[in-house]
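Novice: This is the structure I want to talk about, given as structure tokens.
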């Protein structure tokens, strides 16, 4: 109860002449996830009694709230010890030969692929603690987007200002909203979350909406396996993200902002919260913004699922149209932008923008990490920047674009890293994940991990994805084993893939077969 | 009068009122469109994806049940892509769920799209024991296709009781009360509106369930008697399904202006007094 009250404030005194709940309580529905986190952080699980108290305070039916608890991987509805150890055995950490000790839980990608194998340890109690695998910030000399990483103090706004911080916001306010949007449009910036939508056009659409309020949401739910660039930005340069949001809010007339940070990034979350508080104290923010915590669901990186999650619901994507710019968070016009996209905006307004982007190189390379290269740089050069495969080994394959991306063979790695360049060979840049496999990697295991990932992370709402991802894993499993008629199974997989691509509600289902389909044609994994 | 929107479906032009769905336009043109999660008295959730159609200019197929008509839409309902997705949706469902008690209409769609659910081989199903925890109705989630209809009928679309919701995620998603408690411990008020909307027989009158188990359920011996509920003054229309002079199931027509297909516990289950006579017969 104390945990719930810490979020919602003390309850009204019992007075049976007064009706509690009603609209005032229902309007707080969006506090459900913060409340569940408060309970989980203190006890390690969400008991029936705790959930029912939360439901009474928020006027939510318990059956519905249980649906929310059981949707998110991070919430437990069984009693739990005071420590929880999460061990990643996803694509990259799997390559690093991870073993999951007794009592630990295996979890999908923790976004620490440059420090594989990765773990996250939670200690529940009055003082909740979450510790990631140690990952010291690296210096990135010569990089535009990463130039302040390990240079500024991420906990000090003064340090950020000494390095040119908030100059872009000042410029923006001198230019006026329309000119800001024009500058962003003319820069040609495309969204860096994976869908590559023109940022300026999105801003304009929100600014044009007569309905109020407008919301801005910074999508920091980076969960695509092999992607960790946003984590590096959030941890090392949080004030830049805050400044980017402030500019976006100013340009689009947004009254309220949310930063939705995945639960697996406790350090990023803490630093963002501190950065927002300091920026507010110093008077840089003229809109309200708060940090929201994910709860272990890849699907919440999908913008409409993310809105549902902020609203305190299951992270099930919505049908589009309506699009977020028309009716997004709380049914109002909403601007969802990725972390890297927002940081780029600073350089546009400071006249320092260049057409380069971040790539997360991981797997079997000597120096895994985040690299910034100009658009059009050959993939080979990027892999060489990361040190190439270990000495004595040969490159076997590259998975470009994360679990929803596609496999490239050594013969294809001269492809230029641009939207058109990779499209020409049927690939996608996605969120900038580049996973490198040398000749020692067991690609069957990699494909099976990808299939397992999508089966785990499907929200379960629509049939093609809910059953399709399950069938995909089952068929792949028997096909890559010793028995099974491969040819018939390849046909089955291709049939399922087409239905998932054509008929799923959201991008997860639509791309859940991409990597596996490309793996089966590009890699030698089939019998005979 | 609402503004009209002109669209083309399978080469036929049609003018629909603004706000209509593609599905309504298809029905207007007598184009048979498979639907599993759609019901006229519920908000579309568009999760089954059986009704998808091809819309010119759209990268993916769009759900006919919820997509509203826009001027100039060019729609195809019987292309190889549409047939493929409809077939796969039916196959994927039938490979994981017992669909033997679905309507003849659903069986017809399975045939029309040549759905062969067994072609996936030995695969996981959602089979689990039947939940019999009260005297009025049973829940057999081995038959559940997760169409969300019962959740909607229990919630804001009809009953506003919110006793059940969707729990879990992915292939493990299922309909549940809070913490999986039995119905007597939940908020359920036994209106039975979830049974009224269930398309697969997952939710069933206990009377029907017992008769099916005993092998005595025989729809050819059943007659339907229409009447008005005798309990209160609302005037709900009842359809009493009678076999061997016993009431075995009670429903109300979806298009009835008073009920929209929904009843309360008295109308749905309070019929035993008709059959149980006192000592003086």
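Readers should treat all values here as calculations from the given coordinates under stated rules, not as data from a laboratory. Bear in mind the structure is a predicted one, so any value in this text is a computation, not a measurement. Glycine also receives a Cβ, built like all others from the backbone with ideal geometry; neighbour counts cover every protein chain displayed.
Novice: Using square roots of five times the C-alpha gyration tensor eigenvalues, list the equivalent-ellipsoid semi-axes of segment A:295-342 in whole Å, biggest first.
Specialist: Semi-axis lengths for segment A:295-342 are 16, 15, 9 Å.
Novice: If you take the beta carbon distance between residue B:189 and residue A:182 as r and set R0 to 60 Å, what does 1/(1 + (r/R0)^6) give as a FRET efficiency, to the nearest 0.05?
Specialist: 0.55
Novice: Suppose each label sits 7 Å from its Cα in the direction of the beta carbon; what would the residue B:214-residue A:205 distance come out to in nanometres?
Specialist: So the two model labels end up 6.1 nm from each other.
Novice: What number results when the radius of gyration of segment B:1-136, computed over Cα atoms, is divided by 2.2 N^0.38 Å?
Specialist: Compactness ratio reported: 1.21.
Novice: Kirkwood hydrodynamic radius for segment A:157-349: how many Å is it when counted over pairs of different Cα atoms?
Specialist: Averaging 1/r across every pair of different Cα atoms and inverting gives 16.3 Å.
Novice: How crowded by other chains is B:120-127, given as the mean number of beta carbons from other chains within 10 Å of each beta carbon?
Specialist: Per residue, the average neighbour count from other chains is 4.
Novice: Could you work out the relative contact order of chain A, using alpha carbon pairs under 8 angstrom and six or more residues apart, expressed as a whole percent?
Specialist: 13 percent
Novice: Now for a different question. Let me know the shape class of chain B, please: from the alpha-carbon gyration tensor, a ≥ b ≥ c as square roots of the eigenvalues, rounded when a/c is under 1.5, otherwise prolate if a/b is greater than b/c, or oblate.
Specialist: prolate
Novice: While we're looking at this one, here's another question. Counting partner chain Cβ atoms within 10 Å of every residue's Cβ in A:67-75, what's the average?
Specialist: Taking all residues of A:67-75 together, the mean is 4.
Novice: Sort the following peptides by mean Cβ neighbour count (other Cβ atoms within 10 Å, averaged over residues), highest first: A:240-252, A:84-96.
Specialist: Taking the mean over residues of other Cβ atoms within 10 Å, the ranking is A:240-252, A:84-96.
Novice: If packing is taken as the average number of other Cβ atoms within 10 Å across a peptide's residues, how do A:517-523, A:289-295 rank, most packed first?
Specialist: A:289-295, A:517-523
Novice: Also: Say each of residue B:257 and residue B:221 gets a label point 7 Å from the Cα, pointing the same way as Cα to Cβ; how far apart are those two points in nm?
Specialist: 3.9 nm
Novice: So what is the 222 nm mean residue ellipticity for the protein assembly as shown from helices alone, if each DSSP H run of at least 4 adds -39500 (n - 2.57) and you divide by all residues, rounding to the nearest 500 deg cm²/dmol?
Specialist: My calculation for the protein assembly as shown gives -10000 deg cm²/dmol from helical runs alone.
Novice: Consider just the alpha-carbon atoms of segment A:2-71 and return their Rg together with their Dmax, both in angstrom.
Specialist: 11.8, 37
Novice: Also, quick follow-up: What is the helix-to-structure angle for B:80-96, meaning the angle in degrees between its Cα long axis and the longest Cα principal axis of chain B, kept from 0 to 90 and rounded to the nearest 10?
Specialist: 30 degrees
Novice: Same structure, new question: Quote to one decimal, in nm, the extra length available between residue A:137 and residue A:494 on full extension: 0.36 nm per residue of separation minus the C-alpha distance between them.
Specialist: Value of the extension gain: 124.3 nm.
Novice: Something else about it: Taking 22 Å as R0, compute the FRET efficiency from the Cβ-Cβ separation of residue B:136 and residue A:52 and round it to 0.05.
Specialist: Step by step, r from the Cβ atoms, then E = 0.30.
Novice: Rank by packing, highest mean first: peptides A:145-153, A:60-68, B:8-16, with packing defined as the count of other Cβ atoms within 10 Å averaged across residues.
Specialist: Peptide ranking by packing, descending: A:60-68, A:145-153, B:8-16.
Novice: Next question, about the same structure. I need two numbers for segment B:156-207: Rg to one decimal and Dmax as a whole number, Cα atoms only, in Å.
Specialist: Using the Cα atoms of segment B:156-207, the pair Rg, Dmax is 11.6, 33 Å.
Novice: Compute the relative contact order of segment A:157-349 as a whole-number percentage, counting only Cα pairs closer than 8 Å that sit 6 or more residues apart in sequence.
Specialist: 30 percent
Novice: For segment A:74-148, what does the equivalent ellipsoid look like in terms of its semi-axes, each the square root of 5 times an eigenvalue of the Cα gyration tensor, given largest first in whole Å?
Specialist: 28, 17, 9
Novice: Additional query: Suppose a student asked you for the relative contact order of chain B, using Cα pairs under 8 Å spaced at least 6 residues apart; what percent would you report?
Specialist: Averaging sequence separation for qualifying contacts and normalising by length gives 13 percent for chain B.
Novice: Additional query: FRET efficiency for residue B:274 and residue A:59, Cβ-Cβ distance as r, R0 = 35 Å, nearest 0.05?
Specialist: Approximately 0.30, to the nearest 0.05.
Novice: May I pose another question? Using a 10 Å cut-off on Cβ to Cβ distances, tally the other chain neighbours for every residue of A:498-508 and report the average as a whole number.
Specialist: 6
Novice: For segment A:443-522, what does the convex hull of the Cα positions come to per residue, in cubic angstrom?
Specialist: Per residue, the Cα convex hull of segment A:443-522 comes to 75 Å³.
Novice: Relative to 2.2 N^0.38 Å, what does the C-alpha radius of gyration of segment A:488-528 come to as a ratio? Two decimals please.
Specialist: Normalised Cα radius of gyration, segment A:488-528: 1.22.
Novice: If N is the number of residues in segment A:356-438, what value comes out of its Cα radius of gyration divided by 2.2 N^0.38 Å?
Specialist: 0.95
Novice: Could you grab the Rg to Rh ratio for segment B:137-275? Cα atoms only, Kirkwood for Rh.
Specialist: A ratio of 0.97.
Novice: What is segment A:259-337 by shape, rounded, prolate or oblate, if you read a ≥ b ≥ c off the alpha carbon gyration tensor as root eigenvalues and call it rounded for a/c under 1.5, prolate for a/b larger than b/c, and oblate otherwise?
Specialist: Note, shape of segment A:259-337 comes out oblate.
Novice: Looking at segment A:368-507, what % of the alpha carbon pairs are farther apart than 18 Å?
Specialist: More than 18 Å apart: 62 percent of the Cα pairs in segment A:368-507.
Novice: Direction-averaged shadow area of the convex hull around the Cα atoms of segment B:57-191, nm²?
Specialist: Mean projected area of the Cα convex hull: 10.8 nm².
Novice: Can you compute the radius of gyration and Dmax for the protein assembly as shown, using only the Cα atoms, both in Å?
Specialist: Reported Rg and Dmax, both Å: 27.9, 99.
Novice: Continuing with the same structure: How big is the Kirkwood radius of segment A:1-144, worked out from every pair of different alpha carbons and given in Å to one decimal?
Specialist: 17.5 Å
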